[in-house]
Structure formats: structure tokens, C-alpha cells
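Worksheet: the structure to be examined is printed underneath.
Please treat every number below as a calculation from the coordinates, not as lab data. Computed from a predicted model, the values in this text were never measured in an experiment. No Cβ is skipped: glycine too gets one built from the backbone with ideal geometry, and neighbour counts run over all protein chains shown.
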Amino acid sequence: MYKKQKDIIYKQDWDILIILDACRVDMFETYSLPIILKGIKFDRVNYKYERVVSEGTCTIEWFVKTFDKELKNVVYLSNNPIIGKYRLHVQSRENFKYFQDLIECFNFSYEPMGYGLHFRPEHAFDTLLKCLKKSSNLKFIIHLYQPHAPYVFDKLIAEIYVKDFFKGDVDFWKFVQQGLIPIERVVKAYIKNLLFVTFVILEYFPKLKNLKILISSDHGELFGEHGFFNHPCPKNLGKAEEIIKLVPLLELTFY
């Protein structure tokens, strides 16, 4: 029986919670986890890894069901444009009041990457470091957008992906469902996004000494399991729901 991610967020002690958007638990275990544990440059590190259950199959559902009560002294750094103060479908639920503040990193992080545009995780981490210098009493959630599409490191896929972010996501997965883009190519492109963000995280670890860090995800991704692709918001997913709600949780403390 897996623990609920929400319970860990609210009941356990931590300083920084890193959310990788649409990160599959199997891909994290295969690629990110060994890279992180092998690449840590500290004399001593305590870590624990487990699979946990998310509250949602998409970002919006996860956000409103996970953060439904106050998180004291927590600042939310959002590199995901769906989690923003002016997104009315989220704001109407008043979830932002449960945080000390919400900083919209996505407003200045959408830049050329690879063969397209993506939300650079470095900008979100730089914002985090600035915040840490100003206050040692706050905790931070840093919501990165990778490995979520667009898959900017595959030239063909990047050219197909519509430049309008919100339209591009929907249209892209329609192409995949119709077989116009081979799912095998999508999976490889997804892995490239995941590897990219994993190495960025690793670069910033030396600046996060003596802090307890959690790395997790809002939800997974479906590559055709039980007939579903992407990460559909609440609907009848059947067994696919169990797959997409199972996410990684890595606890790290450096000394």
C-alpha cells in the first residue's frame, strides 16, 4: 500500500519541495534516480526513495486537491503557467491563500531551448536562491515544467508542436493518438526532457546544503496504456488512473 503524497507534504518536515511536471515514476527510477544519487558531490547525504500516490491525474486536479489547507511559511515558485495568480479556473477555488506567496517564474522563463521554446528550470532555481538569501524561515515549493511537453530536443516534434503553448499541448497529443507521430519517438523525446531537468537539478544541489529536499511530481504521463495518452483531467481512466497517479518521492538531506 503506497502512502499519499499529500500526507507527506503536510505532515513531514522539509525545506524545499521540487515538483517535476508529468514525471512518470518508472522513468524517474530508470533515469533520474541513479543520476542524482551518483552525481551528489557531498561528503554525507541521507536519502530515502519511495513511490507515493498523487491527488490528481492532471496539474489542476492535483493542485486544488493537494493544497486545500494552510501550509505555513511556504512560498510557491511556479514555472508552470497553469499555476498562476491570474488563471481564473484555479484562482476561483482560492487555493493560493494557503501559501505565504506565489511567484510566477514562468513569466520570465519561457525561452528558446533546443529546437523550440520551453520554461527554463534555471530561472526558477535562481529565483529560489534569491529567496533563500532573503529569508531562512520560509519553505519553498518549486514547480518545474519538465519533463512535460513541449519536447524541444527532438527537431521533428518541436516543429510539429504549435507555438501557442495552450493549443500546442492538445493538438500535439491528437497527432500522437492518430499515429502521425510514433509513440516510440515521443517516449525518447520525453526522456531527453527528463534528463535535461535532472542534470539542472544536480547543478544546483551544491547551493542547497543543510536543507531537506523532496523531489516528486504532480502526476505521471500516459503513453498509450489502456488506450490513453497525455494526462487527461478527471475522467473515467479505469486502470490507467492507477498508473498516472503513482509518482516518485525522493527525500534528500546534504551535509
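Using a/c under 1.5 as the rounded threshold, could you call the range 1-128 rounded, prolate or oblate? The axes a ≥ b ≥ c are square roots of the C-alpha gyration tensor eigenvalues, and prolate needs a/b larger than b/c, oblate otherwise. Can you show the working numbers first?
Numbers: a/c = 1.56, a/b = 1.15, b/c = 1.36.
Oblate is the answer for the range 1-128, as a/c is 1.5 or above yet b/c matches or exceeds a/b.
Mind giving me the nanometre distance, one decimal, between the label points for Lys155 and Asn210, set 7 Å out from Cα along Cα→Cβ?
Calculated label separation equals 4.9 nm.
In the P(r) worked out for the chain, what percent of Cα pairs fall beyond 25 Å?
Numbers: 13099 of 32385 pairs.
I get 40 percent for the Cα pairs in the chain exceeding 25 Å.
Could you work out how far apart the two model spin labels at Tyr98 and Lys239 are, taking each label as a point 7 Å from the Cα in the direction of the beta carbon, and quote it in nm?
Rounded to a tenth, the inter-label distance reads 3.2 nm.
Could you list Met113, Met1 in order of exposure, starting from the residue whose Cβ has the fewest other Cβ atoms within 10 Å?
On the way: Met113 17, Met1 3.
With the fewest neighbours first, Met113, Met1 line up as Met1, Met113.
Scan the range 148-255 for trypsin sites (Lys or Arg not before Pro) in coil per DSSP, keeping those whose Cβ has at most 14 other Cβ atoms within 10 Å, and list them by number.
On the way: sites: Lys155, Lys163, Lys167, Lys174, Arg185, Lys188, Lys192, Lys207, Lys209, Lys212, Lys235, Lys239, Lys245; in loops: Lys163, Lys209, Lys235, Lys239.
Those that pass, being in a loop and sparsely packed, are Lys163, Lys209, Lys235, Lys239.
Can you work out ³J(HN,Hα) from phi for every residue in the range 247-255, in order, using Karplus 6.51 cos²θ - 1.76 cosθ + 1.60 and θ = phi - 60°, giving whole Hz and x for Gly and Pro?
Once θ is set to phi - 60°, the couplings for the range 247-255 become 10, x, 8, 10, 9, 9, 9, 9, 10 Hz.
Can you tell me the orientation of helix 165-177 relative to the chain, as the angle in degrees between its alpha-carbon axis and the longest Cα principal axis, to the nearest 10?
Relative to the chain, helix 165-177 is tipped by roughly 50 degrees.
Please find, in a Gaussian network model of the chain (springs between Cα atoms separated by less than 10 Å), the residue of Thr198, Thr59, Thr30 whose mean-square fluctuation is greatest.
Taking springs between Cα atoms under 10 Å, the residue moving most is Thr30.
Antiparallel as a % of all DSSP beta bridges within the chain, to the nearest 5?
45 percent
Spin-label point model (7 Å from Cα, Cβ direction): what's the Glu203 to Tyr86 distance in nm?
Inter-label distance under the simple model: 2.9 nm.
Taking neighbour counts of Cβ atoms within 10 Å as a proxy for exposure, in what order, fewest first, do Phe63, Phe153 appear? Display every interim value, and only then the final one.
Details: Phe63 25, Phe153 20.
Result, fewest neighbours first: Phe153, Phe63.
Does anything in the range 210-254 have its amide N under 17 Å from the 7 Å Cα→Cβ label point of Leu180, and if so which residues?
Within reach of a label on Leu180, which here means backbone N under 17 Å from a point 7 Å along Cα→Cβ, the range 210-254 contributes 229-230.
Distance from a point 7 Å along Cα→Cβ of Glu70 to each backbone N in the range 134-163: keep the residues under 20 Å and list them by number.
From the range 134-163, the list is 136-141.
Treat every Asp and Glu Cβ in the chain as -1 and every Lys and Arg Cβ as +1, leave all other atoms uncharged, and give the resulting dipole magnitude about the Cα centre to the nearest 20 debye.
On the way: 35 positive and 31 negative charges, 114 e Å.
In debye, rounded to 20, the chain gives about 540.
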